[in-house]
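To keep things clear, I will list the structure first and then write my remarks on it.
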Amino acid sequence: MKKFIPPLLQNSLFAGTSEEELLSMLSCLKARVERFSKGAYIFRTGERVGALSILISGKLHIQKDDYWGNRSIINVVLPGELFGEAYAHPKSGAILQDVVAVEESQVIFLDIGCVLTVCQNGCQFHNRLVNNLFYILSEKNKYLVQKLGHMSKRTTREKLLSYLSEQSKKQGSPNITIPFNRQQLADFLSVDRSAMSNELCKMRDEGLLCFEKNRFELLSGHNDI
């Protein structure tokens, strides 16, 4: 498990934890690692989760398809990030989205029962772990509120400006890289890909931004950015 320590220490779940403590914790929490090929499902809609899951390497999409096959990307999961925690508790019910590997990925699973129950060894980290988990849940709630803010915009342009502006603030620069290709960005914002691409070209021609693939530069031609 030693080789997985660096990405795990990036996760807020283990904030305040040393490498030595983390190795002990992984044993106590019955950690197991699984590898998933590109396109594989980590969880499918309707499955029970029953574990805290952390991405070690690769990239995942949390997504939902409707009856007609229209896809919405709810979130992207990057290395070191926790996912599926809202469904980890035994009483949480089945997961309502799919979690899919968009490239070859490794995931570590932690037994939720061991997280929530003080073990016989009297480990000192359980209270810290539960407090950190509560913090992560609150941060995820803020993220969903931010996404709702993008989705509530009326036009494709407004949705794009809202999302790109938020990414610029998050990355601290007008030069940003987003974790989506064009189709994925359209799915994330729930807009038509062709209409979105046309809008991006219009904004480029108007001097609002420049872009190449998933890299964008926001320019000062729009006061609302």
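Inside the range 24-63, residues that are assigned to a strand (DSSP E or B) and buried (at least 18 other Cβ atoms within 10 Å of the Cβ) make up a count of 13. Note on the range 122-221: enclosed helices (runs of 4 or more DSSP H) holding 1 or more residues that are aromatic (F, W, Y) and more than 30 Å from C28 (Cβ to Cβ) are 156-171, 182-189. For the range 1-14, the set of residues classified as touching a residue at least 60 places away in the same chain (Cβ under 8 Å) and either out of contact with any Leu (no Cβ under 9 Å at 6 or more places or on another chain) or buried (at least 16 other Cβ atoms within 10 Å of the Cβ) (or both) consists of F4, P7, L8, Q10, N11, L13, F14, listed by residue number.
Out of the residues in the range 84-99 meeting the condition of being of a type outside the set (D, E, K, R), at negative phi and out of contact with any Lys or Arg (no Cβ under 9 Å at 6 or more places or on another chain), tell me which one is surrounded by the fewest Cβ atoms within 10 Å (Cβ to Cβ). Among those that are of a type outside the set (D, E, K, R), at negative phi and out of contact with any Lys or Arg (no Cβ under 9 Å at 6 or more places or on another chain), it is H89. Suppose we filter L164, L144, L137 for residues that are surrounded by 11 or more Cβ atoms within 10 Å (Cβ to Cβ) and either among the basic types (K, R) or in contact with a Phe, Trp or Tyr (Cβ under 8 Å, 6 or more places away or on another chain) (or both); which single one remains? After applying the criteria, what remains is L164.
Of the residues screened, F125 is not one that is at pLDDT 90 or above and surrounded by 14 or more Cβ atoms within 10 Å (Cβ to Cβ).
Each residue in the range 64-83 was checked for being at pLDDT below 90, open to solvent by 40 Å² or more (accessible area, probe 1.4 Å) and touching a helix residue (DSSP H, G or I) at 6+ places or on another chain (Cβ under 7 Å), and 1 pass.
The values are calculated or read from the model by the stated rules, or taken from the named source; none is laboratory data. Since the structure is predicted, the reported quantities are computational estimates derived from the model, not experimental observations. Virtual Cβ from ideal backbone geometry, glycine too; neighbours counted across all protein chains shown. We work out accessible area using only protein heavy atoms, side chains counted, and drop any ligands, DNA or RNA first. Shrake-Rupley method; radii C 1.70, N 1.55, O 1.52, S 1.80 Å.
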